Every structure is written in structure tokens, then in C-alpha cells.
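Take a look at the structure below.
The values are calculated or read from the model by the stated rules, or taken from the named source; none is laboratory data. All figures in this text were calculated on a predicted structure; none of them were measured in a lab. Note that each Cβ is placed from the backbone with ideal geometry, even for glycine, and that neighbours are counted across all protein chains shown. Please note that ligands, DNA and RNA were not included when accessible areas were found on the heavy atoms of the full protein model with its side chains. Shrake-Rupley method; radii C 1.70, N 1.55, O 1.52, S 1.80 Å.
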Amino acid sequence: QVQLVESGGGLVQAGGSLRLSCAASGSIFSLKSMGWYRQAPEKQRELVAVLGSGGNTIYADFVKGRFTISRDNAKNTVYLQMNILKPEDTAVYYCAAVSSKGGFWGQGTQVTVSS
């Protein structure tokens, strides 16, 4: 099992920045990839960014050039640096991890961007 705990969400004005953190614990040795998804009200959950175990990254088109995913292996933590935030970025952001044991989700952290 892998436990994921997100932090760093909050309220920010458009154009501002936030950094989300996701601390992993448990069977972290089996982690293959970690990433971030988001879900806005009445919308489906969508991929934001993924970081593979080999360092490869995947970004959704709507965040390219604004968001950066990174990982601190010593702290077992993955980050999402979000810059130039827009009101349409408002959503609950979920950390996700894939391991040899399956997929895992964090509890989510709310990000609200005011115009």
C-alpha cells in the first residue's frame, strides 16, 4: 500500500502561483510513477502532469509552460509548481501514484483562483 498526502492548496488571484506537495509513504520502493490530476465541479477528473520513474514527464496541453512537476526522492515527495494561474485552474487537485501493487490516490487539495 501507498499513502499519499497532499498540501499547498489555497486561494490565489489570477496570475499568481502555488506549489502543491504530495508526500508518499508505505511501499514507496515499488512506485513507478507519480502525478497530479484535477477535478473541477461537474467535470471529469483530468490529468495535469505525470512524472515517470525514469524522469520523463507528461503535461496536459492546458498547463504547458505554466506548471512544472518535480520530485524529491530523499523526501518521497512530488511537487507541482503552478504559475500564471487562471480562474479555469480552479479545481480539487489529486496526487496519484502507480506501483507494482496498483494505483493510489491522495485525498485532494482545493485550489481556487479568483479573477
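One chain, two ends: residue 74 and residue 44. Fully extended at 0.36 nm per residue, the span grows by 7.5 nm beyond their Cα-Cα distance. In loop segments of region 1-97 as defined by DSSP, the trypsin sites (Lys or Arg not before Pro) with at most 11 further C-beta atoms inside 10 Å of their C-beta are 43, 64, 75. Only four residue types carry charge here, +1 at the Cβ of Lys and Arg and -1 at the Cβ of Asp and Glu. Report the dipole size of the chain about the Cα centre in Debye, rounded to the nearest 20. So the dipole magnitude of the chain works out to roughly 220 debye. Loop-located GluC sites (Glu not before Pro) across region 1-97 with a Cβ neighbour count of 15 or fewer within 10 Å are 42, with loop assigned by DSSP. Our coupling estimate for region 100-105, obtained by passing each phi through the Karplus curve with A = 6.51, B = -1.76, C = 1.60 and θ = phi - 60°, is 5, 8, x, x, 9, 10 Hz, Gly and Pro reported as x. Taking 77, 90 and ordering them by how much accessible surface each has at a 1.4 Å probe, largest first, produces 90, 77.
Among the lysines of the chain, pairs that are 8 or more positions apart or on different chains and have alpha carbons within less than 26 Å of each other number 8.
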